[in-house]
Amino acid sequence: MEPTSEKFAKNTTLKNITRTVWILSFISLFTDMASEMLYPIMPIYLKTIGFSIVLIGILEGAAEAVAGLSKGYFGKLSDNSGKRVPFVQMGYAFSAVSKPMMALFIYPLWIFFARTIDRFGKGIRTGARDAILSDEATTETKGKIFGFHRSMDTLGAVLGPVLALLYLYYYPEDYKTLFYIAFIPGVLAILASFYLKDKNKATPKETKPTSFFSFIKYWKDSPSQYRKVVFGLLAFALFNSSDVFLLLKAKQSGLSDTLVIGLYIFYNLIYALAAFPIGVFADKIGLKRMFIAGLSLFAIVYLGMGLSTDNSVLVGLFLLYGIYAAATEGVAKAWISNITDKKDTATAIGTYSGFQSICTMLASSLAGLIWYRFGPSETFLITGVATILVLFYFVFWTEPKVEKESKL
């Protein structure tokens, strides 16, 4: 019998990573590089052009709401049209063009428009892109394919902030130029998208127009297991606030701005390195089990953040947080794609991603309120306890064999 270690090593090779998956992964890498190059400096830049904290919050909340609602709609539209690639190309093009737009003018309405265009692009492409990834995998390799894509995507989240730090080291406070620099990887993503080809030649499912909220009907028509799983995922999303709160906790612990950004880069590096092997391992032990393991790590991280003020412990918690992300984000979409009909993949993932965006926005608002009224420790402890309750839900109220119920 072949040793387990040799079998695992063989299965972590890149032989099942198709040309299409490679192209999509590089597109995501370039796009995330552009976005994450700006992520650490975005609040600083907005404040320098006159945005208040309240206005920044409204801007980000509205942009995320647009992204959330559009994910479900464009996922449904992709399934109904039988096409994927045009949605991917248009979505990444919108995000790329939004970067220099942020630097052209500083009027609040223009900034709002540019930021919304970026998030709208994410809404257009998410369902179609993940449906392509699902089509490139089998039931037994979903974790591997989605994990590889998440690794490449998150590698961009490492390279982007590093490049931003290097640039600002030589050109302090020259934030505006960074928006133009971020356009370069965005253009590379657009160019790479032209190498994608639609393999699905099926005729459109519907000829009548798709209404903006028609994806909500899918919730009623979807498999019961989909509703059960997504209910748990959204319950978790309601308490999974923005990573900004983790960075604020690090700052409050006495770390400098550079070290805080360094911690964020460290988290993304761990995520990028772990997502692919964890995806492969998830295919072996089951996507549900891997997701539960990831939630357990999340609970440990948030409880640890609430109870500890030691900086060395903080670094360890960010390491665990990177592993948590690798064990849940790609795995959740792989799990959903295995419990829904192939013809509805973009709708299923788009609907989940859309509701998830709304829940995350609510979670960040709730976390901000708790932080303001009671303090940071209480914010993290409440989230940790709530996550444990969601863990019990997944352990006792979903079927262990869910991954095997694919309708491929």
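The values are calculated or read from the model by the stated rules, or taken from the named source; none is laboratory data. Computed from a predicted structure; not experimentally measured. Cβ coordinates were reconstructed from backbone atoms using ideal geometry, including for glycine residues, and neighbour counts include every protein chain displayed. The accessibility values were calculated without ligands, DNA or RNA, using every heavy atom of the protein model including side chains. Shrake-Rupley method; radii C 1.70, N 1.55, O 1.52, S 1.80 Å.
Here are the numbers:
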quantity: Cα point-scatterer Debye curve for the stretch 309-400, base-10 log of I(q)/I(0) at q = 0.12 Å⁻¹; calculated: -0.55
quantity: Chain lengthening between Tyr107 and Trp397 when straightened (0.36 nm per residue, less Cα-Cα); calculated: 99.4 nm
quantity: Kirkwood hydrodynamic radius over Cα pairs of the chain, then Stokes diffusion coefficient at 37 °C and 0.692 mPa s, in µm²/s; calculated: 152 µm²/s
quantity: The chain: calculated mean residue ellipticity at 222 nm from DSSP helix runs of at least 4, using -39500 (n - 2.57); calculated: -26500 deg cm²/dmol
quantity: Heavy-atom accessible area ranking, 1.4 Å probe, most first, across Met42, Met90, Met305; calculated: Met90, Met42, Met305
quantity: Percent breakdown of C-alpha pair distances by 5 Å bin, ordered from the shortest bin, for the stretch 259-371; calculated: 2, 11, 16, 18, 22, 16, 9, 4, 2, 0, 0
quantity: Spacing of the two label points (7 Å from each Cα toward its C-beta) at Glu378 and Asn311, in nm; calculated: 2.8 nm
quantity: Accessible surface ranking that places the most exposed of Ile124, Ile216, Ile278 first, with a 1.4 angstrom probe; calculated: Ile216, Ile278, Ile124
quantity: Gap separating the Cα centres of the stretch 286-327 and the stretch 222-247, nearest whole Å; calculated: 16 Å
quantity: Flagged links, alpha-carbon separation over 26 Å, of Lys122/Lys142; Lys71/Lys220; Lys197/Lys342; Lys217/Lys333; Lys71/Lys249; calculated: Lys71/Lys249
quantity: Accessible area per residue in Å² at 1.4 Å probe, computed on the chain; calculated: 44 Å²
quantity: For Arg129, solvent-accessible area (1.4 Å; no DNA, RNA or ligand), Å²; calculated: 10 Å²
quantity: Convex hull volume of the stretch 72-208 per residue (C-alpha atoms, cubic angstrom); calculated: 122 Å³
quantity: Förster radius 45 Å - calculated FRET efficiency between Thr48 and Ile216, Cβ distance, rounded to 0.05; calculated: 0.65
quantity: Axial C-alpha extent at least 27 Å, average Kyte-Doolittle at least -1.0 - helices from the chain (DSSP); calculated: 19-38, 53-81, 85-104, 108-135, 142-170, 257-285, 287-307, 311-338, 345-373, 376-397
quantity: At R0 = 30 Å, FRET efficiency that the Cβ-Cβ distance of Arg19 and Ser365 yields, to 0.05; calculated: 0.10
quantity: Carbon + sulfur, % of accessible area of the chain - ligands and nucleic acids excluded, 1.4 Å; calculated: 69 percent
